[in-house]
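The values are calculated or read from the model by the stated rules, or taken from the named source; none is laboratory data. Bear in mind that the values here come from a model prediction, so they are computed numbers and not experimental data. Backbone-built Cβ (ideal geometry, glycine too); neighbour counts: all protein chains shown.
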Amino acid sequence: MKNILGFLLAAVLFIAANAFFVINEGETGIVFRLGEIVKADLKPGLHVKTPFVNNVRTFDARLQTLDAPPERYLTVEKKNLIVDSFAKWRIADSAKFYTTMGGDIRLTNMRLSQILKDGLRAEFGSRTVKEVIASQRDAIIAAITKKARRDAQAFGIEVVDVRIKRVDLPRDVSESVYRRMEAERKRVANELRSEGAEAAEKIRADADRQRVVLLAEAYRKAETIRGEGDGKASEIYAKAYSQDPDFFAFFKSLQSYQAAFDSKKDILVLDPRSEYFRYLMRKDGVSATK
């Protein structure tokens, strides 16, 4: 009897263990009955199924990232551009996701990548390089996202966002563009240097002209002042000479002696009885020759 009760208890526990299952946070699930979907989009938590008849398959319901490799696309001008993009998506309908993609995320990324390529090719092919790079980037992203969301509904997934990481020219084209840009910058720099040198020469010439004018004006004023001073001095000398001619002659002679015999090394060869030494020979200033 105990063996039968033990067997029944074990059977009940086994059936109970197979009747309950858990969907973890960040997951969704599907319940199958003999291979047929009977319940989909299960929420996280504890669930019940019929043992041995139903089975459960879970899928990652978190955001998935499709990081597409860089691809070449032609613009309306037939210019090649290298575009690097990515997309964020998640499972919206687990039943449709299972029936169309088999629940395979890798396969889903491949199909979604093709949708993005088709959208990028269409959008870039209708725009110029300038529009793609500068003015219409947001419009391109919005159009591609709208198309991807519409097409991805057939796979049971929701495209949350599509972004373009960067748009580059091919390497060979980039190098030629950089060379042209470098040549253009050098041309502009040379023009600026030439204009600067020309302006510097003008400023230098104007400064030299002003210097000459200022020096000439200063020299003219100096000569005028000097002439006025000489005239004033001559006038004073004349007045002094007229007041005492003998003293004036004596004073001028002393000044001449002081200038002539300024150094002990100076040698002056003159007749001591000459008129030049008259104030050294007689105290009254009369020449010894007289």
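Of the conditions (1) outside the structural domain of R163 (by TED's automatic domain parsing); (2) in contact (Cβ under 8 Å) with a residue 40 or more places away in the chain; (3) assigned to a loop (DSSP other than H, G, I, E, B), G29 satisfies every one except a single condition; which number is it?
All conditions are met except number (3).
If you go through the range 145-173, how many residues are modelled with pLDDT under 90 and outside any strand (DSSP E or B)?
5
Listed here are the residues, each with its yes/no results for (1) among the basic types (K, R); (2) surrounded by fewer than 14 Cβ atoms within 10 Å (Cβ to Cβ); (3) over 16 Å from N80 (Cβ atoms).
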{"position": "S113", "(1), (2), (3)": "no, no, yes"}
{"position": "A143", "(1), (2), (3)": "no, no, yes"}
{"position": "K147", "(1), (2), (3)": "yes, no, yes"}
{"position": "E158", "(1), (2), (3)": "no, no, yes"}
{"position": "R171", "(1), (2), (3)": "yes, yes, no"}
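Would you say E36 is surrounded by 18 or more Cβ atoms within 10 Å (Cβ to Cβ) and free of Cβ contacts under 8 Å to residues at least 24 places away in the same chain?
The answer is no for E36.
Looking at L46, is it part of a strand (DSSP E or B) and outside the structural domain of R149 (by TED's automatic domain parsing)?
Yes: the conditions hold for L46.
Listed residues S242, S263, S234; which is surrounded by fewer than 10 Cβ atoms within 10 Å (Cβ to Cβ) and either at pLDDT 75 or above or touching an Asp or Glu at 6+ places or on another chain (Cβ under 8 Å) (or both)?
S242
In the range 55-112, which residues are farther than 27 Å from V129 by Cβ and out of contact with any strand residue (DSSP E or B) (no Cβ under 7 Å at 6 or more places or on another chain)?
D93, K96, T99, T100, M101, G102, D104, R106, L107, M110, R111
Evaluate the following for R226: is it part of a helix (DSSP H, G or I) and under 60 Å from the mean Cα position of the chain (by Cα)?
The answer is no for R226.
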